[in-house]
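S.K.: Below is one structure. I have some questions about it.
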Amino acid sequence: MKELRVALIGGGFMGKAHSLAYAVAPIAANLGASVIKEVLVDATPELAGRLAGELGWNSSSADWREVIARPDIDIVDICTPPQFHEEIALAAIAAGKHVFCEKPITNRVEEAVRMAEAARAAGVVTQVGFNYRHTPAIAYTKQLLEEGRLGVPLQFRASYLQETGFAADPNRWRATKATGGSGAVGDIGSHIIDIAEYLFGDIVKVAARARAKRPTPEAGWLDDTERIDSDLIDDGAVWLAEFSNGGIGTFAVSSFASGRMNRVAFELDASLGAVEFDWNSREEFRVSYTDEAPDQRGFRTVHTNDKHPGGMWRIAGLGTGYVEVSAIQFQKFVRAIVSGEPTAPDFEDAAHIQEIVEAVLEATVSDSWVDVPARIGVAR
Ligand code: NAI
Ligand code: SOE
């Protein structure tokens, strides 16, 4: 069997999730290759060595350039903060490696476009860690849309809410524009932009408001001029969107939503039905069809199992968690490498998501709708 050797760059929060998911992915599905956790790279030899031991990697290094140059490495998996993504990804692509990169693809759209163009020119497989879309309930919603069972997409209402802003820990690199890029819009909002484009197609324009919270606990938002001039990231935002197919959407994101630990949720209306989903009960979704008999109309709950895309268990209710969803994304990535099956979201999809993040942040101060540029590969 073909062997694929992975170099993981960055063994923090997401490095742990990826390490677990690489172990699960080949067991849960036949990938046509074995995936070898070859080397973990982190900032110092001590840290990399400790993390490699804890997370089950064969070896460790503190020099990602040296690791990328190794001929035995097939996949470079980037789990560093986003300010390092471009440099590492371009080096990996230049060395002919397939690249998995955590979201957001980068902090700046011009970097993202360079990455997507380099990957396209080199012909390597790329994928970005917008993991929530791989939840079986969301992938099945996509299937219902593709099969025409829900009809034409009409309206999408999504939110991603967390209470991370209240934490005493300032969240290190995420806390400033220079290192974290954008906060609520780019860090968590990018996930629901990905789900929206996955289900509805491309977003073409947005209108928005974003806010940063004043540092004192009891105080409210900074106004937008103060936010733009400070190094504070956006902590909350709302925006309207128009899709290329005429669909419309609303989005709300916040890092200051008390009691919301990780609420990724959407409602979708289409011409023949509707779906609602909440990550906090991610094994199920609710669906309504307009062709139900008048005395049967309304939402019903569907529990996902192995009949739904990526589902692992015959019996619903056994658990679809963060690791399972990450494993599904690696199954798609590895199959794309081994047998050329299409996989997504790739660098081009993620560069378009970054265009939308930046359009939302521009719209928040422009007081007008902002057009989103077409994705690369489409006339711009
Ligand atoms: P983290 O701060 O927990 O871990 C980052 C790791 O990268 C640290 O171990 C750090 O020492 C290492 N690192 C930093 N610079 C490095 C360099 N130049 N060379 C080698 N190692 C380096 O960060 P976290 O939360 O794991 O985030 C990493 C990426 O994953 C970010 O892009 C973030 O947005 C994304 N993320 C995605 C999630 C998802 O659900 N898809 C969840 C959490 C994070
Ligand atoms: C932010 O708190 C964060 O860690 C994001 O960076 C991830 O992308 C998200 O899935 C979980 O929350």
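S.K.: Report whether or not ALA241 is crowded, with 24+ Cβ neighbours inside 10 Å, more than 16 Å from ligand 1 (Cβ to nearest atom) and modelled with pLDDT of 95 or more. Talk me through it step by step, then tell me what you get.
M.R.: Values: crowded, with 24+ Cβ neighbours inside 10 Å: yes; more than 16 Å from ligand 1 (Cβ to nearest atom): yes; modelled with pLDDT of 95 or more: yes.
Taking the combined requirement at face value, the residue satisfies it.
S.K.: Any idea which of ALA168, ALA139, ALA184 is more than 12 Å from ligand 1 (Cβ to nearest atom), out of contact with any helix residue (DSSP H, G or I) (no Cβ under 8 Å at 6 or more places or on another chain) and modelled with pLDDT of 95 or more?
M.R.: Details: ALA168 fails: modelled with pLDDT of 95 or more; ALA139 fails: out of contact with any helix residue (DSSP H, G or I) (no Cβ under 8 Å at 6 or more places or on another chain).
Of ALA168, ALA139, ALA184, the one residue that is more than 12 Å from ligand 1 (Cβ to nearest atom), out of contact with any helix residue (DSSP H, G or I) (no Cβ under 8 Å at 6 or more places or on another chain) and modelled with pLDDT of 95 or more is ALA184.
S.K.: Still on this structure, I have one more. In the range 270-298, which residue that is within 19 Å of THR135 (Cα to Cα) and not hydrophobic (A, V, I, L, M, F, W, C) is farthest from ligand 1 (Cβ to nearest atom)?
M.R.: Start the filter on the range 270-298 by keeping residues that are within 19 Å of THR135 (Cα to Cα), which leaves 274-287.
Next, from what is left, pick out any that are not hydrophobic (A, V, I, L, M, F, W, C): 276, 278, 280-284, 286.
Details: GLU276: 21, ASP278: 16, ASN280: 15, SER281: 18, ARG282: 13, GLU283: 18, GLU284: 21, ARG286: 24 Å.
Among those residues, the one meeting the criterion is ARG286.
S.K.: While we're looking at this one, here's another question. List, please: which pairs have Cβ atoms under 7 Å, are six or more places apart or on different chains, and start with a residue in the range 182-194 that is of a type in the set (D, E, K, R) and end with one that is part of a helix (DSSP H, G or I) and within 12 Å of ligand 1 (Cβ to nearest atom)?
M.R.: Final answer for the pair search is ASP187/ARG174; ASP187/GLY180; ASP194/ARG133.
S.K.: Right, next: Scan the range 118-143 for residues that are of a type in the set (Lys, Arg) and closer than 21 Å to GLN354 by Cβ and jot them down.
M.R.: The first filter runs over the range 118-143 and keeps only residues of a type in the set (Lys, Arg), leaving 120, 133, 142.
Residues satisfying the conditions are ARG120, ARG133.
S.K.: If I filter the range 96-124 down to residues being out of contact with any Asp or Glu (no Cβ under 8 Å at 6 or more places or on another chain), away from ligand 1 (no atom under 16 Å from the Cβ) and of a type outside the set (D, E, K, R), which single residue comes out as nearest to GLN329 (Cα to Cα)?
M.R.: Step by step, filter the range 96-124, then rank; the result is VAL124.
S.K.: What do you reckon, is VAL39 more than 16 Å from ligand 2 (Cβ to nearest atom) and either buried (at least 23 other Cβ atoms within 10 Å of the Cβ) or part of a loop (DSSP other than H, G, I, E, B) (or both)? Break it down stepwise before answering.
M.R.: Numbers: more than 16 Å from ligand 2 (Cβ to nearest atom): yes; either buried (at least 23 other Cβ atoms within 10 Å of the Cβ) or part of a loop (DSSP other than H, G, I, E, B) (or both): yes.
Answer is yes for this residue.
S.K.: Same structure again: Could you say which residue among ARG174, ARG227, ARG263, ARG209 is more than 16 Å from ligand 2 (Cβ to nearest atom) and in contact with a helix residue (DSSP H, G or I) (Cβ under 8 Å, 6 or more places away or on another chain)? I'd like the intermediate steps shown before the answer.
M.R.: Numbers: ARG174 fails: more than 16 Å from ligand 2 (Cβ to nearest atom); ARG227 fails: in contact with a helix residue (DSSP H, G or I) (Cβ under 8 Å, 6 or more places away or on another chain); ARG263 fails: more than 16 Å from ligand 2 (Cβ to nearest atom).
Answer to the selection: ARG209.
S.K.: Okay, moving on. Quick check on THR80: is it touching a residue at least 60 places away in the same chain (Cβ under 8 Å) and under 27 Å from ALA175 (Cα atoms)? Can you show your working first?
M.R.: Working: touching a residue at least 60 places away in the same chain (Cβ under 8 Å): yes; under 27 Å from ALA175 (Cα atoms): yes.
So THR80 passes the test.
The values are calculated or read from the model by the stated rules, or taken from the named source; none is laboratory data. Model, not experiment: these values are computed from the prediction. Using ideal geometry, Cβ is built from the backbone for each residue, glycine included, and neighbour counts are taken over all protein chains shown.
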